[in-house]
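Chemist: What follows is a structure written as structure tokens; I'll ask about it next.
The values are calculated or read from the model by the stated rules, or taken from the named source; none is laboratory data. Since this is a predicted model, take the numbers as computed values, not measurements. Please note: Cβ atoms are built from the backbone with ideal geometry, for glycine as well, and neighbour counts cover all protein chains shown.
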Amino acid sequence: MPHHVRALCLAFLALAPFARGDYVCSPSAWAIAATFPAEPKVDDQRTPTPQGDQLAERRYLERGGEHLMVLRVTYPVVPLVAEREQLYASTIESFMNSRRGQIKQDEPWMLGQYDGQRLLVAQPAQKTHREVRLVLIGGSLYFISAEWPGNERASRSAAAFLASIEVKPGFDNARLVEERERWREIKLGNFTLRYDASRWFRDPQIADPNSVAMLRVDENAEAEFIASPDRRSGVLEEFVIGAIKEHAESVAVKKRGKKLRGSTTVEELYFTVRVDGIVYENHGYFYTGAEGTAQLRAWADAKKYPAISGDIDELLSGLAITKAQPGAAAATR
């Protein structure tokens, strides 16, 4: 082989891995991975809602008249599997309202153990076709889209992109993932609250760094999580009840006791509060020590409380206390 031909061949072989330019898109928190023909652009957007911020994370590539995209949407309230079909329907409706077209195919689509939805849409105004796939994994909705010019048959790069979508390791078991992903945590100093985000959400109107207000999804129950790095002196029950009496017509303690949270003992109170003529049942855990002071209580209308008490007990059980380092107790005095 002539020297210059051999050199060209070697140069081609050296460049071949870069000529294709495939880019595996696999953000750490995502349940899926996708392969783009080149590095995609990144576009993240938060949208305020009455239940908190909705986060849309987009990875997209526009090249040669083709548009490839993966969009991950996470919600302040985690959607359950039972709500999947309704979520797909509302997402498709919003999509069609923003980009009107003609749906040519609409069918189920499986991604591993997850039930998804696949659509083929003609976009006459742009003279393109678009394939859209939706799949709910662990409370996040993945919106996958490939659009190309011409007839219904996908271009080679669009077809390769769609075929590359796969579930990442650690997300293979749908049942375990759905259970795991609906839990979230709130950390205030040495105190952590783990809660079911399909049943409770943080009230976005409360911006105090030491106080979190929670609402049950149907808003039939409320909760409050307050923490301070300081240790309180005196009887904690008197402090808690005294503060509530400032805004209530009456307060009556029904039951008091102790509860273990890990290896730490907290005070437990059941009490009723009357406000504007309405009686509310309250259940709370309270603690003060070397780790600081924490209050976690939840309440509901006394008439509704029996049906909600299970969710309230579960929320309170999510409180965890990180033990203070040796010497911290002396530092608080």
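Chemist: Pick out the one residue from LEU141, LEU68, LEU119 that is touching a helix residue (DSSP H, G or I) at 6+ places or on another chain (Cβ under 6 Å) and buried (at least 19 other Cβ atoms within 10 Å of the Cβ).
Modeler: Within the list LEU141, LEU68, LEU119, the selection yields LEU68.
Chemist: Kindly list the number of the only condition in (1) hydrophobic (A, V, I, L, M, F, W, C); (2) assigned to a strand (DSSP E or B); (3) surrounded by 21 or more Cβ atoms within 10 Å (Cβ to Cβ) that fails for VAL279.
Modeler: (3)
Chemist: When you go through LEU80, LEU61, LEU87, LEU55 one by one, which is the residue that is touching a Phe, Trp or Tyr at 6+ places or on another chain (Cβ under 7 Å) and among the aliphatic types (A, V, I, L, M)?
Modeler: So the residue among LEU80, LEU61, LEU87, LEU55 that is touching a Phe, Trp or Tyr at 6+ places or on another chain (Cβ under 7 Å) and among the aliphatic types (A, V, I, L, M) is LEU61.
Chemist: Out of all the residues in region 166-176, is one or more within 16 Å of the chain's Cα centre (by Cα), surrounded by fewer than 19 Cβ atoms within 10 Å (Cβ to Cβ) and among the charged types (D, E, K, R)?
Modeler: No, because not a single residue in region 166-176 is within 16 Å of the chain's Cα centre (by Cα), surrounded by fewer than 19 Cβ atoms within 10 Å (Cβ to Cβ) and among the charged types (D, E, K, R).
Chemist: Determine the pairs where a residue that is over 16 Å from PRO37 (Cα atoms), located within region 54-78, has a partner that is of a type in the set (A, V, I, L, M, F, W, C) and outside any strand (DSSP E or B) with Cβ atoms under 7 Å apart, the partner being 6 or more residues away or on another chain.
Modeler: Partner pairs satisfying both residue conditions: ARG72/TRP30; VAL77/ALA197; VAL77/VAL217; VAL78/ALA197.
Chemist: Six or more apart or on different chains, Cβ under 9 Å: which pairs go from a residue in region 254-265 that's in the same structural domain as ALA320 (by TED's automatic domain parsing) to one that's among the aliphatic types (A, V, I, L, M) and outside any strand (DSSP E or B)? Could you list them?
Modeler: The qualifying pairs are LYS259/LEU316.
Chemist: Continuing with this model, one more query. Which residues, taken from region 224-253, are without any contact (Cβ under 8 Å) to a residue 12 or more places away in the chain and farther than 22 Å from LYS323 by Cβ?
Modeler: The answer is GLY234, VAL235, GLU238, PHE239, GLY242, ALA243, LYS245, GLU246.
Chemist: Would you pick out the residues in region 32-49 that are small (Gly, Ala, Ser), touching a helix residue (DSSP H, G or I) at 6+ places or on another chain (Cβ under 7 Å) and outside any strand (DSSP E or B)?
Modeler: Scanning region 32-49 gives no hits.
Chemist: Right, next: Looking at region 283-310 only, could you name the residues that are surrounded by fewer than 20 Cβ atoms within 10 Å (Cβ to Cβ) and within 21 Å of ASP218 (Cβ to Cβ)?
Modeler: Of everything in region 283-310, those that are surrounded by fewer than 20 Cβ atoms within 10 Å (Cβ to Cβ) and within 21 Å of ASP218 (Cβ to Cβ) turn out to be ASP301, ALA302, LYS303, LYS304, PRO306, ALA307, ILE308, SER309, GLY310.
Chemist: For region 162-198, give me each residue that is among the aromatic types (Phe, Trp, Tyr) and either in contact (Cβ under 8 Å) with a residue 60 or more places away in the chain or in contact with a Pro (Cβ under 7 Å, 6 or more places away or on another chain) (or both).
Modeler: PHE171, PHE191, TYR195
Chemist: Within region 313-331, is even one residue surrounded by fewer than 16 Cβ atoms within 10 Å (Cβ to Cβ), closer than 30 Å to GLN51 by Cβ and among the hydroxyl-bearing types (Ser, Thr, Tyr)?
Modeler: Within region 313-331 (the criterion being surrounded by fewer than 16 Cβ atoms within 10 Å (Cβ to Cβ), closer than 30 Å to GLN51 by Cβ and among the hydroxyl-bearing types (Ser, Thr, Tyr)), the answer is yes, since at least one residue qualifies.
Chemist: If you go through region 201-245 one residue at a time, how many are over 21 Å from VAL273 (Cα atoms) and among the aromatic types (Phe, Trp, Tyr)?
Modeler: Number satisfying all stated conditions: 1.
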